[in-house]
Amino acid sequence: MNLTEQLLHALKKHGARQIFGIPGDFALPYFRIIEESKILPLYTLSHEPGVGFAADASARINGSLGVAAVTYGAGALNMINSVAAAFAEKSPLVVLSGGPGKNESRSGLLLHHQAKTLDSQFQIFKEITCDQCRLDDAQRAPADIARVLASCLRHSEPVYIEIPRDMVAMPCADVLPEAPQTVDPDALDACVDEILERLAQARSPVLMVGVEVRRYGLEDTVATLSRRLGLPVVTSFMGRGLLSEQDSPLVGTYMGVAGFPEITHLVENSDSLFLLGEIICDTNFAVSETKIDMRKTIQALNGQVNIGYHTYAKLPLAAVVNRMLERVSGPDKAFSVTPQVFPLDLPRDAQSITPTDIATAVNDLMARHGKMPIASDMGDCLFTAMEIKHTALVAPGYYATMGFGVPAGLGLQAATGERPLILVGDGAFQMTGWELGNCRRYGWDPIVLVFNNASWEMLRTFQPESGFNNLDHWGFAEMASGMGGDGVRVGTRAELKAALDQAMATRGKFQLIEVTLPRGVLSDTLTRFVAGVKRLNTVK
Ligand SMILES: Cc1ncc(Cc2c([C@H](C)O)sc(CCOP(=O)(O)OP(=O)(O)O)c2C)c(N)n1
Ligand SMILES: [Mg+2]
């Protein structure tokens, strides 16, 4: 077999199920092998940021590798922001990039797509990946591929593989997956003993589950553990959607001053907060009503466990969780949590629409038709998503980049075959919404809710005096048919409900619902967030 086929088989063996990409002349040779070998399906999109977001979303929803294939220079460097988002949010994304071959590299000429040096791209990707290799030696290639893919899954972070275009068809040996890293059993037991002791002694222990629980496929195990321990479970803003399919004492999403007071009180008054796979970042913790003393928490993240002032190193999250479950045998402890109340029964009337009305209409839709996976962009649409009943959600909750929503929704449907709901603001739609034009080729038919307030509303909320936040009113509904979908503009709650019913009943074409929102009208969650941030900033 040749080097590219071996790489593709290794990607599949490590859990990859599809490839998203855009070729270029440095990538044509390996793209041809991807297409002809049929080892993994290839979906080409229109702009590399979308390629990265779609591949990232496929990794998140599959709990395995996502693959983004691009050309050298203009392609790969165009995807930097998407890969940075995957790195920040611990998504196992594999970046494949074509690259110059040996002879052209020695030609003495500057090559097209070259930025500074021929190695600059490799160096740039070092900053946003956990491991890298250049497949310029067919003897070394199997071990390089095995090492890099193992790193991707172990750290749940992106990796970079550069394929010189004169190497793609070179004969290559099989890629033997690296052996899993060993864990020191004594250190693991000492750590688990201490965690269980702390939780047992606590008056009000709380378990907060973060993205690593999804990334390492531990939701079922963690749900069982939470029932056995009788621990109330919360998710962070970024972890929203976790445990939505499992039976667990899930109380809701912690959002500090922007969240529900009872959840804020539960978390901030806990004397033993167990942060499982949670990223300690500002969007998760900056809006805490009362500063959480992180020294009193138990933090299991990035392959280590911090308790108070000491650290247990080299303990993967799965090892800790599975060992805890072995130690906490016996029946589930009774637990009673008052589940979060979500808005339902939107009136079918002529009132203008608020973002919370959109959440209510979506809750009504899912109550009738069952849950749908959601891809959300950054903007008030993401705060609105907090008011939608728990369902699988992919969103840039920490890195907070715009442009994620539409391509991520396409990645969800490619990866799962399920019809997704996409939530996106008008500003973010202007960035990557055009990827919807690729739906017809692949039979994707997401339902897309465009929150059109003709504004960068989140920015205006914090700086209302700036006129540059006022956007023109783009006619997104009219553009849909030109891209192969159906589009409708709605301005009243009755029109919104009718449009959602119509969209649900129409398969095989994307359904774009452009929701006209009055400027300055925010979701309840964003309103609380803004008020809380302003209050916290003035309290000093
Ligand atoms: C790629 C990119 N560029 C810029 C920003 C900054 C930014 C926000 C964050 C704070 O950094 S929120 C926001 C406005 C979003 O507008 P829209 O999509 O219409 O949503 P809404 O009207 O609901 O705000 C911008 C420009 C960003 N997050 N990501
Ligand atoms: Mg907007």
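Rank 416, 432 by accessible area, highest first, at a 1.4 Å probe radius? Write down the numbers at each step before the final one.
On the way: 416 55, 432 15 Å².
Final ranking, largest accessible area leading: 416, 432.
Kindly rank 500-506, 487-493, 336-342 from highest to lowest mean number of other beta carbons found within 10 Å of each residue. Numbers along the way, then the final one.
Details: 500-506: 16.6, 487-493: 19.1, 336-342: 11.9.
Highest to lowest by the protection proxy: 487-493, 500-506, 336-342.
Mind checking the dipole of the range 355-530: about its Cα centre, +1 per Lys or Arg Cβ, -1 per Asp or Glu Cβ, Debye to the nearest 20?
Working: 14 positive and 18 negative charges, 92 e Å.
The calculated dipole for the range 355-530 is roughly 440 debye.
What lysines could a cross-link reach from residue 389, if we take a straight Cα to Cα line under 23 Å and drop same-chain neighbours fewer than 8 places away?
Cα-Cα hits under 23 Å: 371, 497.
Taking the Cα centre of the range 307-449 as origin, work out the dipole magnitude from +1 charges on Lys and Arg Cβ and -1 charges on Asp and Glu Cβ, in debye rounded to 20.
Numbers: 11 positive and 13 negative charges, 133 e Å.
Result for the range 307-449 is approximately 640 debye, rounded to the nearest 20.
Can you give the extra length, in nm with one decimal, that the chain gains between residue 418 and residue 293 once fully stretched, where that is 0.36 nm per residue apart less the Cα-Cα distance?
Taking residue 418 through residue 293 to full extension adds about 40.9 nm, to one decimal.
Roll a 1.4 angstrom probe over the protein heavy atoms and tell me the percent of accessible area of the chain that is carbon or sulfur. Mind dumping the intermediate values first?
Working: 11440 of 20890 Å².
Using a 1.4 Å probe with all protein chains present, the chain comes out at 55 percent carbon and sulfur.
Please list, or write none, the aspartates and glutamates whose alpha carbon is within less than 14 Å of the alpha carbon of residue 296, excluding same-chain residues fewer than 8 places away.
Of all the aspartates and glutamates, those that pass the test against residue 296 - Cα under 14 Å, at least 8 places apart if same chain - are 194, 197, 268, 271.
Give me the lysines in straight-line cross-link reach of residue 291: C-alpha distance below 22 Å, same-chain residues under 8 apart excluded.
Qualifying lysines at Cα under 22 Å: 534, 540.
At residue 341 and residue 197, where each label point lies 7 Å from the Cα along Cα→Cβ, what is the point-to-point distance in nanometres?
4.3
How much length, in nm to one decimal, is gained on full extension between residue 36 and residue 140, taken as 0.36 nm per residue of separation minus their Cα-Cα distance?
35.0 nm
Among 467, 453, 538, flag the residue with its Cα farthest along the positive direction of the charge dipole of the range 451-540, charges on Cβ as +1 for Lys/Arg and -1 for Asp/Glu.
The listed residue farthest towards the positive side: 538.
Considering only C-alpha atoms, what is the centroid distance from the range 151-229 to the range 79-103, in Å?
If we compute the Cα centre of each part, the gap is 21 Å.
Roughly how big is the chain's charge dipole about its Cα centre, with Cβ charges of +1 (Lys, Arg) and -1 (Asp, Glu), in debye to the nearest 20?
Details: 48 positive and 59 negative charges, 32 e Å.
That gives the chain a dipole magnitude of about 160 debye.
Under 18 Å from a point placed 7 Å out from the Cα of residue 166 along the Cα-to-Cβ direction: which residues of the range 68-83 have their backbone N that close?
Zone members listed by number: 72.
Along the charge dipole of the chain, Cβ charges K/R +1 and D/E -1, which of 263, 416, 492 sits furthest on the positive end?
Of 263, 416, 492, it is 263.
Is any residue of the range 260-286 close enough, with backbone N under 20 Å, to a label point placed 7 angstrom from the Cα of residue 183 along the Cα-Cβ axis, and if so, which?
Within reach of a label on residue 183, which here means backbone N under 20 Å from a point 7 Å along Cα→Cβ, the range 260-286 contributes 274-279.
Can you compute the modelled spin-label distance between residue 271 and residue 473, with each label point 7 Å from Cα toward Cβ, in nm?
For the pair residue 271/residue 473, the computed spacing is 5.8 nm.
Report residue 137's accessible area, 1.4 Å probe, all protein chains in place, as a number in Å² to the nearest 10.
Near enough 50 Å² of accessible area.
Can you give the FRET efficiency for residue 302 and residue 348, using 1/(1 + (r/R0)^6), R0 = 35 Å, r = Cβ-Cβ distance, to the nearest 0.05?
Numbers: r = 49 Å, r/R0 = 1.39.
Between residue 302 and residue 348 the formula returns 0.10.
What order do you get for 456-469, 64-77, 307-320 when each peptide is scored by the mean count of other beta carbon atoms within 10 Å, highest first?
Details: 456-469: 14.4, 64-77: 24.4, 307-320: 16.4.
Ranked from most to least packed, the peptides come out as 64-77, 307-320, 456-469.
Lys pairs in the range 3-164, Cα-Cα under 27 Å, at least 8 apart or on separate chains: how many?
Close lysine pairs found across the range 3-164: 10.
What is the set of long-range amide H partners of residue 393 at a cut-off below 5 Å, with H atoms built 1.01 Å from backbone N?
374
If each residue of separation counts as 0.36 nm, what is the full-extension length gain between residue 25 and residue 110 once their alpha-carbon separation is subtracted?
Numbers: separation 85, 0.36 × 85 = 30.60 nm, distance 1.57 nm.
Here the answer is 29.0 nm.
If packing is taken as the average count of other Cβ atoms within 10 Å, what order do 218-224, 377-383 fall into, highest mean first? Show your work: numbers first, answer last.
Details: 218-224: 19.4, 377-383: 27.3.
The most tightly packed comes first, giving 377-383, 218-224.
The values are calculated or read from the model by the stated rules, or taken from the named source; none is laboratory data. Everything numeric here is computed off the predicted structure, so don't read it as measured data. All Cβ positions, even for glycine, are placed from backbone atoms using ideal geometry, and neighbour counts span all protein chains on display. Note: areas computed on protein heavy atoms with side chains; ligands, DNA, RNA excluded. Shrake-Rupley method; radii C 1.70, N 1.55, O 1.52, S 1.80 Å.
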